[in-house]
Structures are given as structure tokens and as C-alpha cells.
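A.B. asks: Have a look at this one before I ask anything.
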Amino acid sequence: MLKNYFKIAIRQLRKQKMYSIIKIGGFALSIAACLLIALYIRDESSYDRSYPDTGQIYRIIGVFNDNGTIQKGAAMPPPMALALKKDFPEVEIAGRLMYNPLFWGAGNNYVRRADQMQNTYEQGFTYADQQILDILKIPMVYGDRAHALTEPFSVLISKKKADKYFPNQNPIGKIILLNDNKDKAYKIAGVMQDLPANSHLQYDFLLTLSGVEFWPGEQPSWESSNYDNYVLVRPGTNVHALEKKITATILRNYVIPTMVKSGDKMAETAEKKFSLQLQPIADIHLKSYDIRDNLPHGDIRFIWLFGAVACFILIIACINFINLSTAKSANRAKEVGLRKVVGSHRSSLIKQFLTESLLFSFLSFALGMILAKILLPYFNTLSAKSLVIPWHAWWLMPLMIAAAIVIGILAGLYPSFYLSSFNPIQVLKGQVSRGTKNSLLRNALVVFQFATSIILIISTFIIYNQMQFILTKKLGFEKDQVILIEGANTLGKEVKDFKDELLKLPSVKSASISDFLPVSGTKRNGNEFYNEGKTKEEVGSDAQFWDIDNDYIKTMGMKIIAGRNFSPDMPSDSQAVIINQTLAKKLNLKNPIGKRITNGDIYHIIGVVEDFHFESMRDNIAGLCLHLGNSPSIVSIKANTADMRNLVSSITATWKKFAPAQPIRYSFLDERFAIMYDDVQRTGRIFSSFAILAIIIACLGLFALSSFMAEQRNKEIGVRKVLGASVSNITTLLSKDFIKLVAISIVIASPIAWWAMNKWLQDFIYHITIGWWIFVLAAIVAILIALITVSFQSIKAAMTNPAKSLRAE
């Protein structure tokens with residue numbers, strides 16, 4: 001019997017080639033989309049789960065309640081790890097990482113072997129305690145993990161870097177130099193296995209924290225926060241109770257006494273405003289979107305969003321299958337009637353139609369997996385991933401087969417029960433119009449399809465407009481035609497001579513030396529400022545403290561709105577600062593010029609710069625204090641030419657005069673600015689791709705319904721043509737019902753899309769206003785798509801010879 005079912009199913013597939021292609025094609029597209037999204041979700045959810053004690057490893061997070069505004073950060077004071085180990089028996093090991101590029105060696109460096117002259121630029125440097133290795137239990141290739149970072153000036157490198165610099169050698173004991181600094185030569189103490197790609201810790205060089213103090217008295221001080229702390233808790237620890245215990249003890253014994261000693265008024269409310277949390281290491285990648293940690297990571301909200309999109313696309317494809325099956329009900333009606341007359345039971349017919357559904361499902365899954373493989377490179381580009389389909393995984397094929405069976409049965413249930421329910425007497429009399437009684441269900445399904453598609457269309461428009469807003473907004477500085485020469489600190493004292501040589505180039509308008517730039521990934525230095533003499537009376541104002549030179553403001557195209565710029569002819573400017581408008585407001589300085597402020601050292605204000613965006617537009621513009629100082633890693637060049645290629649060649653030639661053994665490394669400020677919003681742009685590209693896919697699949701569904709309606713109204717169309725109706729009259733008659741469905745979809749989709757996108761835009765302090773025109777544009781697009789889809793069947797039905805449809809009358 002099963003063999004007979006398959007024979008009939010294959011016969012139907014061959015008989016209705018176009019409809020079979022649409023059924024299988026729509027299903028296959030949705031399955032390919034679901035498979036790609038599933039690979040993405042699987043990869044994102046796999047981060048930091050490979051450590052032997054993953055379930056016991058936590059990161060310490062600080063939480064500050066600023067009058068209802070919650071701020072979270074991972075940076076902790078230097079003695080935090082020692083206090084955690086000493087005061088809490090539940091903590092088995094506590095260790096620190098420090099990757100703040102403000103400090104020498106962290107972040108990125110030029111590297112060379114001590115016995116060679118050629119420097120190579122490398123990323124992925126962090127300072128680490130020996131205890132970090134004990135917590136993570138990183139596998140070793142060479143050396144003893146238990147002592148790899150115990151000695152001062154020791155470094156642990158990854159296997160791929162060991163192979164790069166010391167091929168076919170055991171590099172333990174070898175010396176490497178960072179940025180040509182011979183005073184801080186590092187000895188390789190071990191080689192670790194490369195950290196997995198699905199780890200939030202992407203470092204190739206772990207520099208020891210043993211014996212390190214970034215300034216005198218730093219390590220015992222609770223007054224600064226630059227270290228990420230990780231702990232390994234003992235098995236069975238009540239983490240929630242431990243969080244409360246750590247918060248109370250650390251605040252009471254260390255933080256508040258330090259604040260009282262320094263005269264910080266916030267000490268009075270510290271216990272109400274501050275708390276500490278333990279974040280599981282497996283949550284860091286996806287659940288840190290509201291935590292300041294200077295790490296690239298994902299967002300659990302996008303995982304849920306993409307998962308929902310995958311489900312909706314699959315549901316849309318199932319709806320198509322139902323509509324296409326019922327649309328051709330008249331073709332199967334006589335078959336059902338005859339089989340019932342000769343003794344077939346309804347259960348047998350249901351099995352027959354479910355078999356057909358399963359056949360379509362299996363064919364769709366096979367094609368869908370092929371499409372997923374073809375589309376994977378494109379999807380990897382969209383998502384900035386390197387995903388692969390795990391063809392050799394034991395679970396893949398069983399999972400695909402089970403999914404094909406489940407989806408085939410679910411998609412085929414309604415058509416099976418619907419088609420098998422025909423009354424044989426009515427069918428054999430030619431009365432198959434009962435399908436129109438179920439039009440409410442079919443219409444509802446199409447409304448669902450198009451509402452989902454319209455939500456994606458509206459979301460795509462809004463994401464695109466937000467990105468354009470960000471990239472074209474007035475920033476308070478000029479990001480265009482600014483070239484950044486990085487690694488200039490390796491020039492040592494010659495960096496100023498290098499700048500002077502650049503200024504001689506005719507296409508160079510100005511140049512500046514500073515590592516502090518208005519784009520993420522460059523140096524940051526948070527400080528607390530007070531008006532002079534008010535440290536015990538006022539709450540401090542948080543602000544950035546940037547070391548710049550006297551040409552910085554000119555090179556960046558910033559505007560001084562009060563006072564003056566730094567002058568190389570005024571020695572007193574070494575103790576002068578220029579503040580932004582935000583810091584002036586925070587310090588309640590209506591006329592700030594000449595006023596004195598302090599962050600421990602005292603500075604007099606000589607100028608106020610107009611506020612400019614130096615962080616993501618997800619945040620408010622923070623306070624900023626500009627100071628004349630030494631920060632020599634980056635030289636910024638403001639160009640005054642359209643021929644950037646020749647200018648770069650001239651800059652490169654100048655660089656080679658100063659550093660012949662080191663390749664030049666440059667970038668452009670506008671590109672670095674755009675990189676800050678890569679995640680938003682990726683989201684927009686993924687959304688637009690899936691929106692197009694959903695529209696295509698929904699159009700197949702609309703095609704199915706138009707086919708169904710044309711089939712049901714075949715004789716009506718014939719009568720109308722006989723009575724003189726034109727092709728345009730009949731096309732309008734058949735199309736208006738579908739336009740009504742699309743209009744209903746727009747009404748349903750618009751408020752949902754507005755709510756969802758309004759929530760998304762709340763992540764940005766500076767964002768667009770969702771205008772009515774976006775919904776009108778989405779409506780026009782949806783209606784045009786519907787008209788184009790429906791018109792094919794409508795015109796075809798309108799041009800049919802009425803004699804064919806009325807022949808049976």
C-alpha cells in the first residue's frame with residue numbers, strides 16, 4: 001500500500017510540474033534560510049563553553065544606579081582579585097586581565113624577534129595574571145602552564161604566533177621586543193594552544209602582570225578601575241548569595257573607606273547605588289550588550305530575533321503548501337469521489353495525501369540543504385562569520401530527516417483532511433465549490449504571510465535610515481580626508497620630526513600626534529574632575545582626559561566656542577586644559593575660561609570646544625578634558641587633495657626615511673568611524689536579505705490563492721465575458737480582493753513594526769524619528785508586489801476562452 005501511495009504521489013508531482021516546482025521551491029528556500037540561521041545561532045550560542053570548568057567560571061561586573069539609569073562595567077580596581085580570594089572561601093581562584101590600550105603593551109603592538117630587525121604589526125595583546133591560566137586551564141604546546149606567567153617580563157604566545165616567528169622550533173626562552181623597546185624585552189615562557197574562535201578572549205600574546213605597576217602605588221589602590229576580574233567558584237556555591245556577600249564586603253571594607261579618605265561625597269550613598277554581579281563566562285558573548293567592557297560580542301536579542309524570522313519564514317512556506325494544495329482541489333475532487341465510490345476509506349485518502357506531503361517535504365529538504373551550501377559564502381559575508389555545514393556530524397542527517405517528517409506532516413494535515421472530506425455525490429455532479437466556504441482561513445493565512453513580510457520591509461527601511469543618519473550626522477569634527485598613521489611610537493623621539501616632514505608635503509593641510517581619537521578602539525582615560533577647592537563639597541564629574549598636541553583641534557576640524565587653542569609659544573599651557581561643553585555643564589561653569597579644575601592635579605581652563613561625538617551614538621556625549629601631553633602612537637593627517645593615492649605614496653616614502661625596517665600602517669578616520677557601526681550594518685543587510693526572501697515566499701502564497709480563486713470563479717468569469725466584460729474589468733474584479741488582503745496586512749503589520757523598531761532605536765541616544773512616510777512606502781511596495789503577482793493569474797483567467805469554462809453547462 002505504501003508503495004502505491006508513493007506511485008500516486010510521484011504521478012501527481014509529474015502531472016502538475018509548475019505547482020510542484022512552486023511547492024518544493026518555496027519550501028526549499030525557507031529550509032535553506034532556517035538552516036543558515038540555525039548555523040548562526042548555534043555558533044553564537046557556543047561561545048566560552050569549551051573550558052573544563054565553564055559552569056564555575058564568572059566575570060565580576062560592577063553596577064551603578066545613577067538615579068534610575070543603570071550603568072554596568074567590567075573594569076575593577078587592581079586589588080580586587082586579591083580581596084576576592086582572601087575574603088571569600090567560596091572563591092577558589094581569582095585572576096585579572098588588562099587589555100586597556102591606554103597602558104603600554106596592551107591592545108596592539110609592533111613585534112620582532114630580538115635577533116631580527118623587521119617589525120610586524122600584531123593585535124591581541126593583554127596583560128594577565130598567572131591565575132587566569134589556572135582558571136581557564138588553557139592547553140599548552142610548550143612549557144608549564146602552572147608557571148608560565150609567574151616571572152616578570154614573561155609572555156605566553158599562541159601556537160600560530162609561535163609557528164610564525166619561530167617555525168619548527170621550541171621558542172621557550174626566546175626574546176621578543178614590542179615597539180622596539182629594548183628596556184622591556186619579553187621572554188617567552190610558554191606556547192598555548194590557539195584560543196578557539198568561539199571564545200570572547202581572542203588573544204595571541206598574554207603579558208605577565210607579575211611585577212607590573214603602570215604608575216607608582218597602582219597595585220594596592222582602589223581609586224582606579226582597569227582590570228577585568230574572573231573567578232572560579234567552588235562546586236555547589238550559591239552564586240546569588242555570593243553576589244550579595246561580595247557586594248557588601250567589598251563596599252564596606254575597601255571602596256567606601258577609600259571614598260571617605262579622598263573626600264568623595266558619593267560615599268554616603270554608595271551602598272544604595274553600587275553593587276557587584278557574577279556573570280557566567282558562557283553569557284559574556286551574548287549577554288553583555290549593556291556592559292562596558294571594550295570587547296566585541298553578540299547580542300542575545302538578535303538571536304531571538306533571527307530565530308523568530310526563521311520560524312516565520314518556515315510558517316510562510318507551510319502556508320504556501322496548504323494554499324497550493326487546496327487551490328488545485330478541483331483537479332483532485334473527481335479522484336477522491338471515484339476512490340470513495342469504489343470503497344476507499346477516508347483514512348486511506350488521508351494517508352495518501354500525507355504521503356504526498358512527506359514526499360514534497362523530503363525533496364524540499366534535500367534541495368534546501370543544497371541551496372544552504374550554495375548561499376553559505378554569501379551569508380558568511382553578511383554575518384561576518386566563517387560558518388560551515390557540519391556534514392560529518394552524526395546528528396545532522398537524523399535531525400534533517402526528523403524535521404522533514406514533522407514539517408511534512410504538519411504542512412499536509414489540513415490539505416489531507418480537507419481533500420479527503422469531499423462528498424462523492426457532490427463531486428461527481430461537478431459541485432466542488434465548497435472550497436470557497438473556507439476562504440476565511442485561506443485569507444487569514446495570506447494576511448499573516450504579508451503582515452510578516454511588511455514588518456520585515458518596514459524594519460529594513462528604518463535600519464537603513466538610522467545608518468544613514470549616523471553616517472551623515474554632524475559629529476562636531478571632520479572625519480573625511482583624515483589619514484591615520486599608526487605605530488608611530490616606534491619612531492621614539494623622532495615622531496615630531498616625522499610630523500614636521502609631513503607638514504612639508506603640499507597636500508597635507510595639518511597634522512597631529514595623539515592616540516586619543518573620536519572613534520572606538522583608540523585610547524581612553526576616564527577621570528573624575530572637581531572644581532578647585534570643591535573636592536569635599538561636590539560629587540565628582542566623570543570625564544575623559546586626553547593627551548593631545550597643539551594641532552589636534554585644527555586637524556580634527558573641531559570648533560573652539562570660547563577661549564583659545566593651545567599655543568607652543570606659551571609654556572604655561574602645559575598645565576592648561578580645553579574642556580567640552582558637556583564637562584562645563586557638569587561642573588556648573590557658566591564662564592569657564594580662567595577657572596581651575598582638578599583630577600588630583602590642578603589645571604586652568606583656556607578654552608571650550610564644541611561637543612563632538614567620540615563614542616557610539618548609543619550613548620550621550622560624555623565630559624572631555626583635552627591636555628597637552630605625550631601620546632605618540634598615532635599621527636593624524638588632514639589632507640587637502642582629491643588624489644589620495646599619490647599622497648599616501650608620499651607619506652609612505654617619508655615614513656621609510658624614519659623607519660626603513662618597519663612597514664607603514666595607515667587607515668582612514670571615516671572608515672574607522674563606520675566600523676563602529678558594523679553590527680548595525682550587518683543587521684540591516686541580514687534583515688533586508690530575509691525580507692526579500694520572505695516576500696518571494698509570500699508571493700508564491702499569493703500566487704496560490706489567485707490560482708485558487710480563478711479556478712473557483714472559472715464559470716463566473718466565462719459568464720461575465722459572454723455578457724461583455726473586458727479583460728481589464730475581470731482583472732480588476734479578481735485583483736481587488738487580494739489588494740484588500742494586503743491592505744489588512746498593512747494595518748496589522750504597521751503598529752507591530754513601529755513598536756519593534758521603536759524599541760530597537762532606544763539603543764541609540766541619537767536616532768531618527770519614525771516617519772509616516774516609511775509606512776506609506778512599505779504599503780506601496782507591498783501593494784505593487786501583490787499586484788504584479790496576482791495580475792499573472794488574473795490576466796490569464798480573463799483571457800481564457802469562455803467556451804471552455806461553460807462547456808459543461
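The values are calculated or read from the model by the stated rules, or taken from the named source; none is laboratory data. Worth saying up front: this structure is predicted, and the values here are computed from it rather than measured. A quick note on method: Cβ atoms are made from the backbone with ideal geometry, for glycine too, and the neighbour counts reach across all protein chains shown. The area values use the complete protein model at the heavy-atom level, side chains included, leaving out ligands, DNA and RNA. Shrake-Rupley method; radii C 1.70, N 1.55, O 1.52, S 1.80 Å.
A.B. asks: With a 1.4 Å probe and all protein chains left in place, how much accessible area per residue does region 150-272 have, in Å²?
C.D. replies: Per-residue accessible area for region 150-272 comes out at 49 Å².
A.B. asks: Here is a follow-up. Where the centroid of each part is defined by its Cα atoms, how far is region 282-306 from region 464-496 in Å?
C.D. replies: So the separation of the two Cα centres works out to 26 Å.
A.B. asks: Full extension from Tyr378 to Gln219: what is 0.36 nm times the residue separation minus their Cα-Cα distance, to one decimal in nm?
C.D. replies: So the chain would gain 52.4 nm between Tyr378 and Gln219.
A.B. asks: In the structure displayed, which of Lys137/Lys160; Lys559/Lys585; Lys244/Lys536 lie more than 21 Å apart, Cα to Cα?
C.D. replies: Table pairs above 21 Å Cα-Cα are Lys244/Lys536.
A.B. asks: Extending each Cα 7 Å along its Cβ direction at Asn170 and Asp497, get the distance between those two points in nm, one decimal.
C.D. replies: Simple spin-label model gives 4.4 nm for this pair.
A.B. asks: Something else now. Could you calculate the FRET efficiency of Arg42 with Asp569 from 1/(1 + (r/R0)^6), where r is the beta carbon distance between them and R0 is 56 Å, rounded to 0.05?
C.D. replies: 0.35
A.B. asks: Give me the accessible area per residue for region 584-710, probe 1.4 Å, as a whole number in Å². Intermediate results must be reported in sequence, preceding the final value.
C.D. replies: Details: 5160 Å² over 127 residues.
Spelled out: the 1.4 Å probe surface of region 584-710, per residue, equals 41 Å².
A.B. asks: Also, I was wondering about something else. Using a Förster distance of 35 angstrom, determine the FRET efficiency expected from the C-beta separation of Lys595 and Asn67, and round it to 0.05.
C.D. replies: FRET efficiency, Lys595 to Asn67: 0.85.
A.B. asks: Taking the Cβ-Cβ separation of Asn646 and Ile370 as r and a Förster radius of 45 Å, what is the calculated FRET efficiency to the nearest 0.05?
C.D. replies: Taking R0 as 45 Å, the efficiency between Asn646 and Ile370 is 0.40.
A.B. asks: Given points 7 Å out from each Cα along the Cα-Cβ axis, report the Lys657 to Asp290 separation in nanometres with one decimal.
C.D. replies: 5.5 nm
A.B. asks: Additional query: Using only the alpha carbon atoms of the chain, find the Kirkwood hydrodynamic radius as the inverse mean reciprocal pair distance, in angstroms to one decimal.
C.D. replies: 31.5 Å
A.B. asks: While we're on this one: Which ³J(HN,Hα) values in Hz, rounded to whole numbers, follow from the phi angles of region 597-610 under the Karplus curve 6.51 cos²θ - 1.76 cosθ + 1.60, where θ = phi - 60° and Gly and Pro get x?
C.D. replies: Whole-Hz 3J(HN,Hα) from phi for region 597-610: 10, 9, 10, x, 9, 9, 10, 9, 8, 10, x, 10, 9, 4.
A.B. asks: Right, next: Please compute the contact order of the chain in relative form: average sequence separation of alpha-carbon pairs under 8 Å and at least six residues apart, divided by the residue count, as a percent.
C.D. replies: RCO, the chain: 15 percent.
A.B. asks: For the chain, what is the calculated [θ] at 222 nm in deg cm²/dmol (nearest 500), taking -39500 (n - 2.57) for each run of four or more DSSP H residues and dividing by its residue count?
C.D. replies: Result for the chain, helices only: -15500 deg cm²/dmol.
A.B. asks: Could you tell me what percent of the accessible area of the chain is made up of carbon and sulfur, with a 1.4 Å probe and every protein chain present?
C.D. replies: 58 percent
A.B. asks: Next question. If you restrict to DSSP beta bridges whose two residues both lie in the chain, what percentage is antiparallel, to the nearest 5?
C.D. replies: Values: 68 of 90 bridges.
Taking every DSSP beta bridge with both residues in the chain, the antiparallel ones total about 75 percent.
A.B. asks: Defining a contact as two alpha carbons under 8 Å apart and six or more residues distant in sequence, what relative contact order in percent does region 32-159 show?
C.D. replies: On the way: 122 pairs, mean separation 21.5, N = 128.
Relative contact order of region 32-159: 17 percent.
A.B. asks: List the aspartates and glutamates whose alpha-carbon lies under 15 Å from that of Lys586, not counting same-chain residues fewer than 8 positions away?
C.D. replies: The reachable aspartates and glutamates, counting only those whose Cα sits under 15 Å from Lys586, are Asp66, Glu528, Glu532, Glu537, Glu538, Asp542, Glu610, Asp611.
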